[in-house]
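Participant: Quick one: structure below, then a few questions.
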Amino acid sequence: MRTVCGLATARGFAVGPVFVYRGDGDIPIPEYVVESGREGEELARLRRALNETKRDLESLVATLRARTGRADAKIFECHLMILEDSVLCRETEKHIREDRVNAEAAVRRTADRARSMFERMNDPYFRERVRDLDDVERRLLKNLLGFAANPHVELKTPSIVVADDLTPSETVQLPRALVLGFATNGGSATSHVALLARAMGIPAVTGLGDITALVEPGETILLDGTGGTVIVAPDASAIREFRDLVERQKEISEEAVTGAPAGTLRDGGRVKLYANLHPGAPLEDVKSLGARGVGLYRSEYLWLNKEAEPSEDEQYRAYREVVEFAKTLSSEASVTIRVLDIGGDKMVRGISQRGEVRQREANPFLGNRSIRYLLSNKAVFRTQLRAILRASVHGRVCILYPMISCIEELRQSAAVLADVRAQLDAEGVPYDRDVPVGAMIEVPSAAINAAALAKHVRFFSIGTNDLVQYTMAADRGNESVAHLYQPTNPAVLRLMRHVIDVAKKQGISVGVCGESAADPLVGVLWAAMGIDILSMSATYIPVMSKLFSKLTRADLDEYLAAVDAIGDEATGEETMARCREWMLSKIPDLDNIVF
Ligand code: PEP
Ligand code: MG
């Protein structure tokens, strides 16, 4: 048996035969000089292939919208934008007209130039976009050369797909019912396989290095998307163990939403389990998985892949859609819309291209991001607040300010909001006059000074993804410092405890919307500290709900005392081990529940 470690990209387990997906390799490109006077014919060939590719993409978008939901379709909407990009089109035509090269060679030259531009950008989001460009180029070349547009996939039996990396087209064109899991050499947290795998509920491990070289087609492997490992050449008992895990995983998802609302404790107490969503996220399963509201709506997705700001109306439509949807989740449901949280690892094309944020910044995670950006670009802030307030008449909306680090930011944001309200009043536009405003607590200074901040907001939402990163000074996306990224480090625990205690004392609601909310041991610990809402990817709600259904409030108190007893000298790992030990003592079949 050999265990290969990678990145835990989408939770869950899989056992099955390997299907090595090699794509269809590099397409050989003919290159020749076009006879003088025949450039027009070459331009017409290019135009025909562009139109054909556009039709292919439009029909793919329509099929995906009907089949899987918006997230998948959005990727190909972005491909359409790349295909129709006027700069790229003009450049390709120029190669034909001025360099007199054939259309295929002209396409390759344009794509190569754009690729090297993307690759030079020190930004994972843009580097990932190279895959989109490859995908569009491949489609266009195939149409020019008269090849069929779809990859030829011989996947006939349920298998774990092993690949170097997958383009979005390749990922969605694999027959979903036959894909048990994804294991790829490359890929990052922002990769399309990651996004699509989570949206499709398929376990995935990425960043495995050379997994394609370690496996043979047809051999059985085990994939643990929760731990981020793949086991090659497993023995019979490991296979049995994984088969059991897969079975249990299926049962738990099917058990979701029966009887009591998700998050109900054995003694009837409750922790609210809400969903994290973003524009374009598939909504179909959110309800059946048990989400009772939307605890974090990451609005920045409306800005991704865009040259221009989304208009007020475009934003209003997106917010209204999620607000209307939330009403179907429960009578208590609210939607917490977080205002534009860009910067750091989340760069937005139009904004970064205008150079307002990243190009002058050596340290974008500590730079002009999130609320700082909005307060220095008030027109953007005002438009967004107008759109959110307009949507608030359709259901219960909360406004959340990201990356708050000091009280001035809350004061200034309140002034902008007051302006926007006055403007809407003057125009006679209706909105909910009681929209709660909250602060994300994800910067240590905000956590330490929580008592002062609490006087200015109606709720806190703790963003542990960033709070851990900033407290430990460990980049959340950097594998080489992952050992320091510890949600249970005593310093993080102290901050969490302090923020929750302050919120309780001052009578405001407090939730966690970082990934740790869905970690069975850590999420329960936050609940034990007194968290009201845990907001997470909806896929993880059934497991968390099952765990809570086995515990009482007295158990949670006991859990917290057990963690407290271990003291400040414990490492994050030791605390996790203690958490697990306690949990196993209460729930002996823990490993049958947790995936
Ligand atoms: C967080 O930081 O925990 C959070 C929820 O925000 P994001 O992951 O979008 O930065
Ligand atoms: Mg954050």
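A short reminder: the numbers here are calculations on the coordinates, not readings from a lab. Please read these numbers as outputs of a predicted model, since none were measured by experiment. Backbone-built Cβ (ideal geometry, glycine too); neighbour counts: all protein chains shown.
Participant: The range 83-116 to the range 545-595: how many Å between their Cα centroids?
Facilitator: 59
Participant: I would also like to ask the following. Quick one: Trp303, Trp582, fewest Cβ neighbours within 10 Å first, how do they rank?
Facilitator: Details: Trp303 23, Trp582 20.
Fewest-to-most Cβ neighbours within 10 Å comes out as Trp582, Trp303.
Participant: Over the chain, calculate the relative contact order: mean separation of alpha carbon pairs under 8 Å at least 6 apart, over the residue count, as a percent. Don't skip to the answer; put the middle values down first.
Facilitator: Values: 1121 pairs, mean separation 84.3, N = 595.
About 14 percent, as a whole number.
Participant: While we're here: Return the whole-Å distance between the Cα centroid of the range 444-470 and the Cα centroid of the range 361-391.
Facilitator: Taking the Cα centre of the range 361-391 as reference, the centre of the range 444-470 is 18 Å away.
Participant: Now for a different question. Translational diffusion coefficient of the chain at 37 °C, 0.692 mPa s, Stokes-Einstein with Kirkwood Rh over Cα pairs, in µm²/s as a whole number. Don't skip to the end; give the middle numbers.
Facilitator: Numbers: Rh = 25.6 Å.
Rounded, D is 128 µm²/s.
Participant: What span do the alpha-carbon atoms of the range 542-589 cover on each of the three principal axes, reported in whole Å from largest to smallest?
Facilitator: 33, 19, 17
Participant: Given the C-alpha atoms of the range 461-511, compute the convex hull and give its volume per residue in Å³. Show your work: numbers first, answer last.
Facilitator: Numbers: hull volume 3.1 nm³, N = 51.
Cα-based convex hull of the range 461-511, divided per residue, equals 60 Å³.
Participant: Counting other beta carbons within 10 Å of each Cβ, put Met1, Met81, Met576, Met544 in order, fewest first.
Facilitator: Numbers: Met1 10, Met81 15, Met576 19, Met544 25.
Listed from fewest to most nearby Cβ atoms, that is Met1, Met81, Met576, Met544.
Participant: Can you list, largest first and rounded to whole Å, the semi-axes you get for the range 497-586 by taking the square root of 5 times each eigenvalue of its Cα gyration tensor? Display every interim value, and only then the final one.
Facilitator: Working: eigenvalues 73, 62, 33 Å².
Semi-axes (√(5λ), whole Å): 19, 18, 13.
Participant: I would also like to ask the following. If you place +1 on the Cβ of every Lys and Arg, -1 on the Cβ of every Asp and Glu, and leave all else neutral, what size is the dipole of the range 466-595 about its Cα centre, to the nearest 20 Debye? Each step should come with its number before you reach the end.
Facilitator: Working: 11 positive and 18 negative charges, 89 e Å.
The calculation lands at about 420 debye.
Participant: Sticking with this one: Between their Cα atoms, which of Lys272/Lys550; Lys54/Lys378; Lys156/Lys287; Lys272/Lys586; Lys378/Lys455; Lys287/Lys550 are more than 27 Å away from each other?
Facilitator: Numbers: Lys272/Lys550 16 Å; Lys54/Lys378 37 Å; Lys156/Lys287 32 Å; Lys272/Lys586 22 Å; Lys378/Lys455 24 Å; Lys287/Lys550 22 Å.
Distance filter (> 27 Å) returns Lys54/Lys378; Lys156/Lys287.
Participant: Which order results if Cys579, Cys78 are arranged by neighbouring Cβ count within 10 Å, fewest first?
Facilitator: Going from sparsest to densest Cβ surroundings: Cys78, Cys579.
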